[in-house]
1. With a 1.4 Å probe and all protein chains left in place, how much accessible area per residue does region A:165-297 have, in Å²?
2. Between the helical axis of A:300-316 and the dominant principal axis of chain A, each derived from Cα atoms, what acute angle in degrees is found, rounded to the nearest 10?
3. Can you run phi through the Karplus equation (6.51, -1.76, 1.60; θ = phi - 60°) for region A:219-233 and list ³J(HN,Hα) in whole Hz, with x for Gly and Pro?
4. How much of the DSSP beta bridge set in chain B is antiparallel, as a percent to the nearest 5?
5. Relative to the other copies, what are the label-point distances for residue A:317, with labels 7 Å from Cα along the C-beta vector, expressed in nm at one decimal and sorted shortest first?
6. Output needed for region B:62-193: three equivalent-ellipsoid semi-axes, defined as square roots of 5 times the C-alpha gyration tensor eigenvalues, in descending order, whole Å.
7. Ignoring ligands and nucleic acids, what accessible area does residue A:201 show with a 1.4 Å probe (Å², nearest 10)?
8. Put a point 7 Å out from Cα along the line to Cβ at residue A:46; what are the distances to that point in the other copies, in nm, shortest first?
Protein chains: 2
Amino acid sequence: MFEPPTLKDIANALGLSTSTVSRALRDTYEISAKTKKLVFEYAEKINYQPNPNALSLKERRTKSIGVVVSEVANHYFSQAINGIESIAYDRGYHVIITQTHESYAREKINVQHLASRSIDGLLISLSAETSDTAHLKYLHERGMPMVFFDRVPNDIHTHKITANNEQGAFEATSHLIISGYKKIAHLTSSDHLSISIERLRGYTAALNKYNIPVNPDYIKHCPHGGMFPEETERAVLELVNLKDKPDAIFIAGDRLSIGCLEVLKKLNVKVPDQIALAGFSNSDVLNLFEYPISSVRQPAFKMGETATEMLLQLIESKYPVTDFENKVIDTELFTRN
Amino acid sequence: MFEPPTLKDIANALGLSTSTVSRALRDTYEISAKTKKLVFEYAEKINYQPNPNALSLKERRTKSIGVVVSEVANHYFSQAINGIESIAYDRGYHVIITQTHESYAREKINVQHLASRSIDGLLISLSAETSDTAHLKYLHERGMPMVFFDRVPNDIHTHKITANNEQGAFEATSHLIISGYKKIAHLTSSDHLSISIERLRGYTAALNKYNIPVNPDYIKHCPHGGMFPEETERAVLELVNLKDKPDAIFIAGDRLSIGCLEVLKKLNVKVPDQIALAGFSNSDVLNLFEYPISSVRQPAFKMGETATEMLLQLIESKYPVTDFENKVIDTELFTRN
DNA sequence: TTAATTTGCGCAATCGTTCCCGATATCATT
DNA sequence: AATGATATCGGGAACGATTGCGCAAATTAA
């Protein structure tokens, strides 16, 4: 039905060969000015666009990169995607976005699918469920350029870009402490995720600094990053049902924050009177609440941009890159009270 | 660098021709069982995947559909995308998502880009800026299968799927009226958008039903759907600065709701004491506010699914489709007080 | 034993593009 | 006028996969 014009169409219409038309369109020196003009004008007229599949087949590259995130309906990721697109489009690359919904199975399928679609490179933030990275190692060993951002593995040697999660967690927890809270819980994602580990480290560092003992009962992991409401609900319930209730929670992510707020509202626990909150979030709705919640904001757009630049550098490098960068970008604490 | 195995690799390794290998993998009857077994096992071993570009070139289709939305960081669209992906993946199609950020220029570029990437079909919701649909007509006339959802044009004849915007707006406005509000303003997106027109119609219908005069000063359009904060701010300011201040606002969209809440908070206008709100939204954060906001929820996931099914029907139809459907799905009002 | 059929596989064209070679025409040089 | 240089263009292979056709060998039928 939809049959775009080809080089051959132009060639036939103009009585030329496809080679000549191709060269004319690519503005090669060996084609006369008037032939070029003829070809240009006709191509313009019929709105000729080179067939990208033919090009990909010939050039052995697709000029498109794959992106794997847990959810686009997450402000951190949607902002990162905007950063990714801004660089990619400028450099003539297409962006294919896939979502894992925090599922390891989906991640494997998506990565496999992207690889078979012959993308030129991969930009990925691990799902909450992912602890085995064999599917990525496999691709990486075969030479697929990839850059990790946000949630990174430690057993794959390539460019990585993360926020300074430890610093952010330290500042947010410190802020709670300075604000007078002493019994600070920590609600976070699955325990093997890099961001969870780093944020937990910042959290404990803050407690240590102020000589507050770390209470293991105060640390709650949600293996699916709050993807399932029951998960968050159970964790929050366990916290508020403790004999020695926490008076504040440091929450490690956006979805968890929303989930936590929902549960607290259902339980009729007042924020921040009964329990104060602070956490990682790139959402702009948090400061709309009556009692706004202090949040650590990650430079998502910047991270997307940087990750893409790193990836394109890998893709377009003439020789194999062996010197990899591990970029850490500072977060920013927005205090509200 | 990343060079996936080809049929030729298998053929050479096994001393066969590429035709035989191809036929073996496709399980054709004319290949002997033992050759098939040989080929299958070797293909499995080296993890052979057919080159999608070569296939697309040959089959003249890419098994991928393009999606154009204004923003993925919008709960309606992200849910719709989940619906789209669920159907598309089941049917073996890839989904390429692009964002317009409510810009007409971006929409043209994205559509053009998608078309040149030779997608098999297009799923699109118009940007707030779009009033001229020539770029889409052009593709449509050339036979590109396309389905519009949410924000649809009236001058392109193809499948369309929308929420029952008029009904939703009527119910939300009626709910405000029944709750005792009489001076109800309407904050909406650009005036040429189908959703704006339909929601305005529902709004005025409700006012009419309760014999409340329609005050033109109460109707504020944001040409970019609240993409720019200044736009929303100006509109809200104009409303609260009216001599005859409205006591409620019916807001036509998610982003506008957030923007409006931000402005009201900045102005220290209490919701709902000084001004009540109701509006279209698929976000789950609205009910986290102290005074929750009644909202009309669109069946986003369902709409995404249906739109995709319609598109795939167009794509896979043997003969040109001339009988187009205009599906309208009911919304649901969530009242909270 | 011979002819007819079936089985199993390879050749080559095709999709749209690019690019290495040639091929021809035009022109200047001796 | 013959040679060479340059300008301009076409032929054809290649990228990876599919598929109609052909052809040999194996099997069956006569």
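The values are calculated or read from the model by the stated rules, or taken from the named source; none is laboratory data. Worth saying up front: this structure is predicted, and the values here are computed from it rather than measured. Using ideal geometry, Cβ is built from the backbone for each residue, glycine included, and neighbour counts are taken over all protein chains shown. For the accessible areas, the whole protein counts, side chains as well, though only heavy atoms, and no ligand, DNA or RNA atoms are used. Shrake-Rupley method; radii C 1.70, N 1.55, O 1.52, S 1.80 Å.
1. Result: 40 Å² of accessible area for each residue.
2. So the inclination is approximately 40 degrees.
3. 9, 10, 9, 10, x, 10, x, x, 4, 9, x, 4, 4, 5, 4
4. 10 percent
5. 5.0
6. 30, 17, 13
7. 120 Å²
8. 3.9
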